[in-house]
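To start, the structure itself, in structure tokens.
The values are calculated or read from the model by the stated rules, or taken from the named source; none is laboratory data. Not measured: the values here are computed from a predicted model. No Cβ is skipped: glycine too gets one built from the backbone with ideal geometry, and neighbour counts run over all protein chains shown. Keep in mind that these areas ignore ligands, DNA and RNA; they rest on the heavy atoms of the full protein, side chains included. Shrake-Rupley method; radii C 1.70, N 1.55, O 1.52, S 1.80 Å.
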Amino acid sequence: MLSYQHAYHAGNFADVHKHLTLYAVIDHLLRKSSPITFFDTHAGRGLYPLEASETQRLGEYRHGMLPLWQAREALSDESLLASWLEAIAGLQPNPGRLERYPGSPWWLSQRLRRDDRLQLFELHPGEHEHLAQQALPTNVRRIHADGLAGLSAALPVATPRVCALLDPSYELKAEYAEVAVSVLGAMRKARHAVVLVWYPLLPAARHLELLERLRDGGLRKIWRSELTLRERGEERGMYGSGMLVVNPPWGLDERLAAAMARVTPLLGDTSRYRADWWVEE
């Protein structure tokens with residue numbers, strides 16, 4: 001599907017959930033010295049100026065990233081949040097002002113070590129053109145192609161470790177099944193891989209197909225977290241954000257729970273965070 005452009009949603013509550021989880025996973029993985037190949041199957045632009053017309057049209061960051069930014073001094077005692085917010089602050093051209101929000105390519109590339117590798121896939125021609133203009137390290141490849149097919153073709157890799165983020169738009173119903181097939185295929189080729197999958201929580205509950213296919217596919221060690229702004233109902237639109245982590249690093253759940261306990265009150269009185277094992281080891 002080539003109509004989706006994340007600039008309309010940059011910095012929303014789902015980005016906070018997704019990128020804080022991604023940041024924590026990367027942080028855990030970098031505690032070991034062995035090289036990692038990272039994949040981002042739906043990279044987007046990589047960096048989003050919040051004053052861009054697309055982002056201002058919906059202004060979703062005002063109910064996601066902005067409240068955290070405004071409360072960053074009060075959050076400085078929570079180590080994961082403090083580190084995450086410090087990274088975002090370092091990206092801003094004017095200190096103290098939130099003007100840019102980083103997409104997953106930035107989060108993945110900013111801490112690459114010399115022997116690590118990153119492959120960024122983006123199929124949308126306009127989004128890939130934006131991505132091509134971003135200043136990224138030399139061990140990053142930007143590939144104008146379908147990311148799910150690209151991930152399958154690239155595995156196995158030469159590095160001892162693998163980490164992949166799958167973050168499609170889910171504008172097509174078939175994408176839920178396609179993501180499940182892609183994850184199952186990737187895990188057959190790299191059983192040790194750490195795989196992150198983002199999914200939207202919508203009233204139609206189509207994400208259940210993704211969850212059930214992964215469970216029925218025989219995978220183990222699938223950790224799930226969900227951030228909701230309100231209860232599921234008939235109201236249109238995304239009411240929550242979901243993340244799966246296959247082979248999660250030890251301690252990830254507790255670290256994110258502590259951070260999200262501080263995040264959820266800032267997103268509204270009805271916001272809730274929950275995490276559990278979708279499939280245990």
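Observations
- Computed from Cα atoms alone, the Kirkwood hydrodynamic radius reported for segment 6-62 is 13.0 Å.
- DSSP beta bridge pairing in segment 119-249, given as percent antiparallel to the nearest 5: 65 percent
- Calculated P(r) tail over 22 Å for segment 12-99, as whole % of Cα pairs: 33 percent
- Take the Cα radius of gyration of segment 169-216 and divide it by 2.2 N^0.38 Å, N being the number of residues; the result is 1.16.
- Multiplying each eigenvalue of the alpha-carbon gyration tensor of segment 39-192 by 5 and taking the square root yields semi-axes of 29, 19, 16 Å, largest first, rounded to whole angstroms.
- Carbon plus sulfur fraction of accessible area for the chain, probe 1.4 Å, in percent: 49 percent
- √(5λ) per eigenvalue of the Cα gyration tensor, segment 209-281, largest first, Å: 24, 18, 7
- For segment 134-281: relative contact order, % (alpha-carbon pairs under 8 angstrom, 6 or more apart): 23 percent
- Peptides 98-109, 42-53, 128-139 ordered by average Cβ neighbours within 10 Å, highest first: 98-109, 42-53, 128-139
- For the listed peptides 33-41, 219-227, 10-18, a ranking on the average number of other beta carbons within 10 Å per residue, highest first, reads 10-18, 33-41, 219-227.
- Among complete DSSP H helices in the chain, those whose alpha-carbon atoms stretch at least 20 Å along the helix's long axis and whose mean Kyte-Doolittle hydropathy reaches -1.0 are 13-29, 174-189.
- Cα-based Kirkwood hydrodynamic radius, segment 116-241, one decimal, Å: 16.2 Å
- The lysines within cross-link reach of LYS221, meaning a Cα-to-Cα straight distance under 22 Å and a gap of 8 or more places when in the same chain, are LYS18, LYS32, LYS189.
- Normalised per residue, the volume of the convex hull around the Cα set of segment 106-146 (Å³): 63 Å³
- The mean accessible area for residues of the chain, using a 1.4 Å probe and ignoring ligands and nucleic acids, is 46 Å² per residue.
- Under the criterion of Cα pairs below 8 Å and six or more residues apart, the relative contact order for the chain equals 22 percent.
- Cleavage-rule hits, GluC sites (Glu not before Pro), segment 141-184, DSSP coil, Cβ neighbours within 10 Å at most 14: GLU171
- Using alpha carbons only: equivalent-ellipsoid semi-axes of the chain, gyration tensor based, whole Å: 25, 22, 20
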